[in-house]
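Structure, as structure tokens:
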Amino acid sequence: MKLLILAALVSVCAADKIVGGDEAAKDQFPFIVHLDSKTVQAFCDGSIIDEYWIISAAHCYQSGNSNKAVAGDFYLQADDSSTDGSQNRLIEKFIKHGAYNSRTLENDIMLIRLVEPFTMGAFISPIALPTETPPAGTETDISGWGNTLSSGTNYPDELRFVTLPVLSRITCNKPSSYNGEVLESMLCIGDMSGGQDSCQGDSGGPVTLMNSNVLVGIVSWGYGCAQPNYPGIYTDVYHYVESGWITTTMNNN
Ligand code: ARG
């Protein structure tokens, strides 16, 4: 009897926080930025590659919004009590991957160039690009200001994160799971039993190797949030390092 009650309590708590999350320390993810706009509903995160460049997801930029979205700006959340404070930067341009497919979400990657550079410091600093695709079993940190509920909405004021392992594409493509929708250039990360995941509002934000600043994934999609058999799906950043898309795009713009 006691055990049953305990089990019920545990499952309620798990459902309470989709990110299964913890609040991040102020200097834990100095590379994450929040994408916001005064004119359009842009609701995503991104990561600092260098003072002029942010990496995010292509689906964060809705076609037709291009002109308006340029008038949007970035909000970088940093420790208010630090000398860095919070920096806001206007966007010069959004560069989506040319082969981004809004139906399959293949190539869900985008670079954003700023009008003025960010000033780097203890709470604002760049992410590093990966040197390989992380194999199944690799532990990662996923951070964001996205929804903390698997049903209903609650957007937290403070940055949150969850630590979850990379799963094999074979596992995630089982008929009982994504049934082939997880493509070669995507990573499946999470828990098959549900309870911990990224969610709406976390898109575009970073997946880093645990306790590091090495970017391996970008929050992209999933069926619901934190549902059993449906872990989060992420853009495999190394795929775009290897193809040269990231450096070529930065060098040519
Ligand atoms: N597409 C969502 C967004 O725009 C992110 C979804 C992540 N979903 C998940 N189950 N991990 O914010």
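The values are calculated or read from the model by the stated rules, or taken from the named source; none is laboratory data. Just so we're clear, the structure is a prediction, and the values are computed from it rather than from any experiment. Glycine also receives a Cβ, built like all others from the backbone with ideal geometry; neighbour counts cover every protein chain displayed.
In this structure, is N253 under 22 Å from L111 (Cβ atoms), away from the ligand (no atom under 14 Å from the Cβ) and assigned to a loop (DSSP other than H, G, I, E, B)? Yes, satisfied. L215 meets each of the listed conditions (1) assigned to a loop (DSSP other than H, G, I, E, B); (2) modelled with pLDDT of 95 or more; (3) closer than 27 Å to I112 by Cα apart from (1). Beta carbons closer than 7 Å, at least 6 apart along the sequence or on distinct chains, pair a first residue in segment 140-155 that is touching a residue at least 12 places away in the same chain (Cβ under 8 Å) with a second that is surrounded by 20 or more Cβ atoms within 10 Å (Cβ to Cβ) and among the aromatic types (F, W, Y) for D141/F161; I142/F161; S143/F29; S143/F161; Y155/W145.
When residues of segment 218-235 are filtered for being hydrophobic (A, V, I, L, M, F, W, C), closer than 20 Å to W53 by Cα and within 8 Å of the ligand (Cβ to nearest atom), how many remain?
Residues of segment 218-235 that are hydrophobic (A, V, I, L, M, F, W, C), as a first pass: 218-219, 221, 225-226, 233.
Now restrict to residues that are closer than 20 Å to W53 by Cα: 218-219.
Subsequent filtering for residues that are within 8 Å of the ligand (Cβ to nearest atom) retains 219.
So the answer is 1.
All conditions in (1) within 14 Å of the ligand (Cβ to nearest atom); (2) closer than 15 Å to A226 by Cβ; (3) surrounded by fewer than 20 Cβ atoms within 10 Å (Cβ to Cβ) hold for C188, with the sole exception of (3). The set of residues in segment 195-217 that are within 12 Å of the ligand (Cβ to nearest atom) and either of a type in the set (V, I, T) or over 18 Å from the mean Cα position of the chain (by Cα) (or both) contains only V207.
Per-residue answers, yes or no, for (1) in contact with a strand residue (DSSP E or B) (Cβ under 9 Å, 6 or more places away or on another chain); (2) modelled with pLDDT of 95 or more; (3) not hydrophobic (A, V, I, L, M, F, W, C):
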position: I127; (1), (2), (3): yes, yes, no
position: W145; (1), (2), (3): yes, no, no
position: D157; (1), (2), (3): no, no, yes
position: C172; (1), (2), (3): yes, yes, no
position: T208; (1), (2), (3): yes, yes, yes
position: I233; (1), (2), (3): yes, yes, no
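For segment 171-185, filtered to residues that are farther than 14 Å from E106 by Cβ and part of a loop (DSSP other than H, G, I, E, B), the residue that is farthest from the ligand (Cβ to nearest atom) is P175. When each of K17, K26 is tested for being away from the ligand (no atom under 16 Å from the Cβ) and at pLDDT below 85, the lone residue that passes is K26. Of all residues in segment 160-179, those being in contact with an Asp or Glu (Cβ under 7 Å, 6 or more places away or on another chain) and either hydrophobic (A, V, I, L, M, F, W, C) or under 22 Å from H34 (Cβ atoms) (or both) number 4. Within segment 199-221, residues that are under 17 Å from I246 (Cα atoms) and of a type outside the set (A, V, I, L, M) have Cβ atoms under 8 Å from residues that are modelled with pLDDT of 95 or more and within 6 Å of the ligand (Cβ to nearest atom) in these pairs: G204/V219; G205/S198; G205/V219; P206/V219, counting only partners at least 6 apart in sequence or on another chain.
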